[in-house]
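The values are calculated or read from the model by the stated rules, or taken from the named source; none is laboratory data. The structure presented is a predicted model; accordingly, all values stated were derived computationally and were not measured. Cβ atoms come from the backbone with ideal geometry, glycine included; neighbour counts cover every protein chain shown. Side chains are part of the model used for accessible areas, which takes the heavy atoms of the whole protein and leaves out ligands, DNA and RNA. Shrake-Rupley method; radii C 1.70, N 1.55, O 1.52, S 1.80 Å.
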Amino acid sequence: MGEPPSLQYSTIEPVLSNRQIERIIKAVEDRFDEQVEFLTRLVRAASLRGNEASIQKIVSNALEERGYDVRSFAIDPARIGKDPAFSPTRFELKDSTIVVGSKRPPREGGRSLALNAHVDVVPVGTSARWRYEPFSATRNGDWLYGRGAGDMKAGLAANLFALDALSAAGFDLKGPVQFQSVIEEETTGNGAAMVLAEGFRADAVLISEPTDEKLVSANTGVMKFAVTLQGVSAHPFEVAAGRSAIDIAIRTIEHLRQLEQEWIAERPISQPDFACVDNPIALTIGTISGGEWLASVPSECRFEGRIGFYPGEMAEARAVRFESFLRKAFSNDPQLKGCPEPEIEWVGVKQGGYVLTPGSEAEALLAKAHSLADSCERELQRFVMPCYLDAAVFTLHGDMTSLVYGPVAEHIHAVDERVSLSSLLRVTKAIALFAASWCGIEAVAEQV
């Protein structure tokens with residue numbers, strides 16, 4: 001995909017001197033071993049959904065030690081169904097909180113910046129299938145293994161140590177900075193929504209998701225659903241009297257595959273970035289359960305999944321289309337006629353997608369920082385992520401310039417998730433240089 005022809009990154013006037021760049025890069029390098037140790041601690045904190053309290057304590061302690069003004073707050077369930085930034089959920093989070101550390105400059109004058117990362121991780125599956133224990137944070141050569149190592153605790157460590165490097169290099173940012181450690185990115189996006197609800201805004205937000213050192217140019221809207229099907233139970237000796245809910249579920253999923261193809265075909269000409277994406281809609285059936293006994297015709301089956309849609313449409317409008325499609329399928333398909341209509345629930349992210357308009361100064365400065373952080377001086381590439389990103393919440397509901405950029409990682413959400421440490425080092429340098437360029441810096445000694 002690459003950069004748009006209209007954007008000439010190489011012509012951007014330098015906002016940092018060579019000496020400042022060298023000092024910042026060296027400061028990142030000098031503390032990288034400490035950064036990897038911190039990342040190891042984060043990965044070993046098994047922050048599955050609802051169990052993020054221990055890792056958020058690590059984060060809040062680290063921020064307090066560094067002099068940030070730290071706030072911790074929970075997601076307000078009363079906002080769900082009322083505030084459009086929030087997605088539906090029935091899950092009680094109890095002790096899980098969001099942590100935001102803020103610093104204001106000694107003298108005002110620069111643009112504000114938020115660095116964002118999420119600490120919640122997806123389940124590990126069968127631990128025996130992993131090369132190393134999923135939460136062991138085992139290092140092998142350039143790779144650090146573990147659930148959440150790539151998605152996205154490495155990014156959180158990069159955000160923190162990028163800001164550390166600026167201080168270690170003897171600089172203060174001229175603009176206010178926020179360090180956001182959120183929950184619920186993997187399920188609802190309500191952590192990011194609560195950040196906005198608490199009044200946190202910035203001129204730009206950078207989210208250090210694992211993007212292979214590329215910049216996300218767009219993401220799809222996403223809806224997460226659960227569908228429950230009813231059948232008729234029966235004993236094997238009178239199997240003809242029954243109707244398998246599992247068979248009904250399989251047939252329903254076949255129809256949803258047709259819906260997926262219909263939505264793929266709606267690829268908008270106005271958004272050329274999607275032309276190179278094989279399946280931006282990406283229907284996924286993630287869980288399925290059904291039946292009461294192995295020798296009985298099952299009376300109920302439930303499956304959960306997600307489906308995407310192109311930016312530019314509201315999630316509610318797509319939800320109506322989804323529900324209408326399934327109702328018609330049950331009315332028209334001879335194999336489904338006579339079955340009770342499916343029960344459809346919205347159980348997670350229900351959010352539109354966004355497009356990062358090319359040509360912004362924020363993107364140009366990040367591209368320059370990316371090039372300076374890499375000894376090969378590679379240009380920053382753009383690409384589409386056909387999934388949910390918290391950037392959608394900040395863009396659509398906070399009207400904020402949202403950049404998603406982070407390290408190389410492999411097998412995220414899968415067995416043997418791992419992150420490249422050499423890539424993490426480059427990304428940390430780039431984030432530090434971007435923050436310095438975006439907010440502006442001044443030497444601590446210059447403060448009078």
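Restricted to the stretch 337-359, and to residues there that are in a loop (DSSP other than H, G, I, E, B) and either within 25 Å of the chain's Cα centre (by Cα) or β-branched (Val, Ile, Thr) (or both), the residue that is nearest to Glu316 (Cα to Cα) is Gly352. Total residues in the stretch 418-448 satisfying the condition of being at pLDDT below 95, of a type in the set (A, V, I, L, M, F, W, C) and not in a strand (DSSP E or B): the figure is 3. Looking across the stretch 56-73, the residues that are out of contact with any Lys or Arg (no Cβ under 8 Å at 6 or more places or on another chain) and either in contact (Cβ under 8 Å) with a residue 40 or more places away in the chain or assigned to a helix (DSSP H, G or I) (or both) come down to Gln56, Lys57, Val59, Ser60, Asn61, Ala62, Leu63, Glu64, Glu65, Arg66, Arg71, Phe73. The residues on offer are Glu64, Glu37, Glu3, and the sole one that is surrounded by fewer than 15 Cβ atoms within 10 Å (Cβ to Cβ), within 26 Å of Trp438 (Cβ to Cβ) and either modelled with pLDDT of 95 or more or under 26 Å from the mean Cα position of the chain (by Cα) (or both) is Glu64. If you go through the stretch 253-301 and pick out every residue that is of a type in the set (D, E, K, R), within 23 Å of Thr187 (Cα to Cα) and open to solvent by less than 70 Å² (accessible area, probe 1.4 Å), you end up with 1.
Residue count for the stretch 368-411, restricted to those that are of a type in the set (Phe, Trp, Tyr) and open to solvent by 40 Å² or more (accessible area, probe 1.4 Å): 1. Applying the selection to the stretch 336-359, what residues are over 23 Å from Trp263 (Cβ atoms) and open to solvent by 30 Å² or more (accessible area, probe 1.4 Å)? Hits for the stretch 336-359 are Lys337, Gly338, Pro340, Thr357, Pro358, Gly359. Selection of the stretch 320-336 for residues being out of contact with any Asp or Glu (no Cβ under 7 Å at 6 or more places or on another chain) and outside any loop (DSSP other than H, G, I, E, B) yields Val320, Arg321, Phe322, Glu323, Ser324, Phe325, Leu326, Lys328, Ala329, Ser331, Asn332. Reported count of residues in the stretch 406-417, each being in a strand (DSSP E or B) and in contact with a helix residue (DSSP H, G or I) (Cβ under 6 Å, 6 or more places away or on another chain), is 1.
Just one of the listed residues (Asp95, Asp120, Asp76) is open to solvent by less than 30 Å² (accessible area, probe 1.4 Å) and of a type in the set (D, E, K, R), namely Asp120.
All told, Ala241 meets the bar of being modelled with pLDDT under 95, open to solvent by 10 Å² or more (accessible area, probe 1.4 Å) and among the hydrophobic types (A, V, I, L, M, F, W, C).
Only one of the numbered conditions (1) at pLDDT 95 or above; (2) in a loop (DSSP other than H, G, I, E, B); (3) on the phi < 0 side of the Ramachandran plot is not met by Ala282, and that is (3).
Take the conditions (1) in contact with a Pro (Cβ under 7 Å, 6 or more places away or on another chain); (2) without any contact (Cβ under 8 Å) to a residue 60 or more places away in the chain; Gly406 misses just one of them, which is (2). Glu29 meets all of the listed conditions (1) open to solvent by 60 Å² or more (accessible area, probe 1.4 Å); (2) assigned to a loop (DSSP other than H, G, I, E, B); (3) out of contact with any His (no Cβ under 9 Å at 6 or more places or on another chain) but one, namely (2).
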